[in-house]
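Visitor: Dumping the structure here so I can ask a few things about it.
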Amino acid sequence: MATIYLDTCTLRSWRDGDEFSLSEQANNRKIWDRVRDFFPHPYTVRDASSWIRMNRSYQQPVNLAIDIGGKAVGNVGFTIKEDIYRHNAEIGYWLGESHWGQGIMTEVLPAMVNYIFTNFQVNRLFGCVLEGNSVSMRVLEQAGFRPEAVLKKAAIKNNQYLDEHIFAILREEFVARQGRISLAGKQ
């Protein structure tokens, strides 16, 4: 069971009882418009139960609930790729709309990056953002990710072709960034 305490929230493993807050927060068209289509819409209690059950089966969590006041209001997680890409992981996240603009993801993402590089054999961590989601792009950049590529009209969402922006951070960049943060904190 993983738990990371932050100033704005807690990151923790998904647990039974999160179904109602998860479905309430995730059942939002504005969220669905910014994520991949495998994310259900509408997002039902049944979808939430299935998600929680799947995540409880992992020995080492790869998805963590964003908890505010004892309620799951979002998710941050990653998927390790396969074959020759097995040291790459894709990070993804979403947050309930009522919590947008409060600096929560700006705090969550660096904590998750630290969790991934500390506990998993990942060399490159990347995030994909659909065009128009400049807030998510800024969150990635603030967490040390750099723009890596723009895949022109690579995605289709709501029957529209959209550019996909890819941001990445390497383990060595993360380590160097940690050193700079530590040095800055000691001065």
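The values are calculated or read from the model by the stated rules, or taken from the named source; none is laboratory data. Source: prediction; values computed, not measured. Methodologically, a virtual Cβ is constructed for each residue, glycine included, from the backbone with ideal geometry; neighbour enumeration extends over all protein chains shown. Only protein heavy atoms, including side chains, enter the accessible area calculation; ligands, DNA and RNA are left aside. Shrake-Rupley method; radii C 1.70, N 1.55, O 1.52, S 1.80 Å.
Visitor: Within the stretch 65-74, can one find any residue that is surrounded by fewer than 17 Cβ atoms within 10 Å (Cβ to Cβ), among the aliphatic types (A, V, I, L, M) and in contact (Cβ under 8 Å) with a residue 60 or more places away in the chain?
Guide: Step one: of the stretch 65-74, the residues surrounded by fewer than 17 Cβ atoms within 10 Å (Cβ to Cβ) are 69-71.
Next, from what is left, pick out any that are among the aliphatic types (A, V, I, L, M): none.
No.
Visitor: Also: Taking helices (runs of 4 or more DSSP H) that fall entirely within the stretch 92-187, which contain at least 1 residues that are open to solvent by less than 70 Å² (accessible area, probe 1.4 Å) and modelled with pLDDT under 95?
Guide: Numbers: elements: 104-119, 134-142, 171-186.
Because the criterion is at least 1 residues that are open to solvent by less than 70 Å² (accessible area, probe 1.4 Å) and modelled with pLDDT under 95, the helices (runs of 4 or more DSSP H) in the stretch 92-187 that meet it are 171-186.
Visitor: Name the single residue, out of those in the stretch 37-53 being more than 16 Å from Ala72 (Cα to Cα) and without any contact (Cβ under 8 Å) to a residue 40 or more places away in the chain, that is surrounded by the fewest Cβ atoms within 10 Å (Cβ to Cβ).
Guide: Result: Phe38.
Visitor: Which condition number in (1) crowded, with 21+ Cβ neighbours inside 10 Å; (2) over 30 Å from Val175 (Cα atoms) is the one that Trp32 fails?
Guide: Status for Trp32: all satisfied but (1).
Visitor: Let me ask you something else. Please enumerate the residues belonging to the stretch 96-134 that are of a type outside the set (A, V, I, L, M, F, W, C), more than 26 Å from Tyr43 (Cα to Cα) and out of contact with any Leu (no Cβ under 6 Å at 6 or more places or on another chain).
Guide: Hits for the stretch 96-134 are Pro110, Asn114, Tyr115, Thr118, Asn119, Gln121, Asn123.
Visitor: Quick one: is Asp16 open to solvent by 50 Å² or more (accessible area, probe 1.4 Å), within 22 Å of Ala111 (Cα to Cα) and assigned to a loop (DSSP other than H, G, I, E, B)?
Guide: Working: open to solvent by 50 Å² or more (accessible area, probe 1.4 Å): yes; within 22 Å of Ala111 (Cα to Cα): no; assigned to a loop (DSSP other than H, G, I, E, B): yes.
In short, no.
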